[in-house]
Amino acid sequence: MTIAYADAGSIETAEARFRAEHPRYADTAVLDELRRTDFARLDRGGHVYLDYTGGGLFASSQLHTHMRLLESDVFGNPHSINPTAAASTELVEHARAYVLDFFDASPDEYVAVFTPNATGALRLVGEAYPFHAGDRFLLTFDNHNSVNGIREFARARGAQTTYVPSVAPDLRVDPGLLPRYLTDTRGEHHNLLAYPAQSNFSGVQHPLEWIEQAHAHGWDVLLDAAAFVPTNRLDLSVWHPDFVAISFYKMFGWPTGVGCLLARREALAKLERPWFSGGTIVAAFVQRQYYQSAPGAAHFEDGTVNYLNLPAVEIGLRFLDRVGIGRIHDRVAALGSWLLAALASLHHTDGSPAATIYGPQSWQGRGATIAFNFLHPDGRVVDERYVDRVARRHNVSLRTGCFCNPGAGEVAFTISRETLLGSEFGEGMILDDYVREIGLPSGGAIRASLGLASNFSDVYRFARFAAEFRDLGSVPDDLPPRIVC
Ligand SMILES: Cc1ncc(COP(=O)(O)O)c(C=O)c1O
């Protein structure tokens, strides 16, 4: 039986009961120790950090190791063979090999292309995938806008975009539905399926089994793993997506500005880059408009790679390896299921629910990203800007809005296609105008997400913050305008 937050008592009592309910949590004690050392800044500042899906946190030791490395030698631009360039190249290639190793990706099968972030990886695929008239781009409603945006490349080249809907309340895809879309392909065309391994909105984990099902029907698969890999093992010796997009700061906080496209060599060879640039070619001329592409990853890495930060990727991955991604997974599952239950048990004195959760209510097939809204006793959604204000008072860092995932939001908030087609949209509108035009009760949802430095105190203090919304009266009318989503 899970404890209702309201009956949780003191943090000591609540934690003792939590630990009794989740005996495997004790196996993650090393993370409590790291919280006291490598992540001491969280408690020093009194923070409750619940936006790991927005950005992961780095361990202080990662920074120290990185700075020591940079100070230990001289590192030059790797586009050369001089000694300082060679030193950089060695570090960059070491990091590249470690990325493949971390994901159990065979170097015979996969290439790791460094990008500025997951969006950069998705864009590389979108702009270079050989879409032509008659080709298909299939994607789930539940996708980040950096995947949705690929439809513009598809459209410009005459390919057809189709969305697979999610179904409320769990916000999963109907298992009977996907095969119907996958079998709808024509002849020798190029077909690309894109979906997130874990939703950045609801935490739903979409089945990795879809990869092989899609391959069997002639689809290439683009797996957006940005929200999945910080707390789940992605084993590329078991799963073989053609393209995988990742942002490293979401996994281990430092460095920002570096992501990765993991691509099967076969799939990479299909891509047709729309241009060339410094670093991506063997040779180019101006009096004859000829160029020859560089082989492998280099063809996809525009300009100078982030060579001083790339060594920190290996440092971050080694840190995760030492802690164990399985341990992080178990930890956020235990804490997340407590937080989910705390929200579900939140009621007003009159017995009406004080929160509504978007997505799975149980812990099966989901990750530690939880979307919800608080409700007034009369059932109205509490304005997310007021929630932000209360959260600030509690030093709680949450995310509010639509999280760049409009499709999940459209299903969660039951916005119909007819409503969208019948609404007046235009240049110059701010987000508030869209909220009004579509008839939304608020500017989106609230998202709490957990990660490797989360502890029981975080979820307990979240529950204390959530308790402020019980029997909530009216909210102040001085909330700021919503400008962008
Ligand atoms: C599932 C998912 N995909 C893609 C992205 C885009 O990542 P980035 O902004 O690092 O490019 C995010 C960011 O939140 C995400 O959660």
Using a Förster distance of 56 Å, the FRET efficiency for residue 237-residue 84 (Cβ separation, nearest 0.05)
0.95
Phi-derived 3J(HN,Hα) across segment 219-227 with the Karplus relation (6.51, -1.76, 1.60, θ = phi - 60°), rounded Hz, x for Gly and Pro, is 9, 8, 10, 10, 9, 8, 9, 4, 8
Relative contact order (%) - segment 394-485, alpha-carbon pairs under 8 angstrom, separation at least six:
45 percent
For segment 399-485, with every protein chain kept in place, what is the accessible area per residue (1.4 Å probe, Å²)?
48 Å²
Measuring from centroid to centroid over Cα atoms, what is the spacing of segment 227-270 and segment 403-427 in Å?
29 Å
Rounded to the nearest 0.05, FRET efficiency between residue 284 and residue 479 (Cβ-Cβ, R0 45 Å) equals 0.25
For the chain, give the percent of accessible area contributed by carbon and sulfur heavy atoms, probe 1.4 Å, rounded to a whole number.
53 percent
Between segment 317-370 and segment 94-130, how many Å separate their Cα centres?
30 Å
What FRET efficiency do you get for residue 394 and residue 180 if R0 is 51 Å and r is their Cβ-Cβ distance, rounded to the nearest 0.05?
0.65
Could you point to the residue in 396, 428, 456 farthest towards the positive end of segment 381-456's charge dipole, with +1 and -1 charges on the Cβ of Lys/Arg and Asp/Glu respectively?
456
How many Å² of accessible area per residue for segment 231-362, probe 1.4 Å?
40 Å²
How much net charge surrounds residue 170 when only the other residues with a Cβ under 12 Å from the Cβ of residue 170 are counted, with Lys and Arg +1 and Asp and Glu -1?
0
Could you order peptides 110-123, 445-458, 315-328, 288-301 by the average number of other Cβ atoms within 10 Å of their residues, highest first?
445-458, 110-123, 315-328, 288-301
Defining a contact as two alpha carbons under 8 Å apart and six or more residues distant in sequence, what relative contact order in percent does segment 298-383 show?
20 percent
Mean Cα-pair separation over length for the chain, i.e. relative contact order, pairs under 8 Å, 6 or more apart, %:
22 percent
Sorted by mean Cβ packing within 10 Å, highest first, what order do the peptides 128-140, 13-25 take?
128-140, 13-25
Mean accessible area per residue over segment 76-141 (1.4 angstrom probe, all protein chains present, square angstrom) is 37 Å²
To the nearest 500 deg cm²/dmol, what mean residue ellipticity at 222 nm is calculated for the chain from DSSP H runs of n ≥ 4 alone, each contributing -39,500 (n - 2.57), summed and divided by the residues?
-10500 deg cm²/dmol
Mind ranking 400, 37, 231 by accessible surface for me, highest first, 1.4 Å probe?
37, 400, 231
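The values are calculated or read from the model by the stated rules, or taken from the named source; none is laboratory data. These figures come from a predicted structure and were not determined experimentally. As a convention, Cβ positions derive from the backbone with ideal geometry for all residues, glycine included, and neighbour counts pool all protein chains shown. Quick note on the areas: whole protein, heavy atoms, side chains included, nothing else; ligands and nucleic acids left out. Shrake-Rupley method; radii C 1.70, N 1.55, O 1.52, S 1.80 Å.
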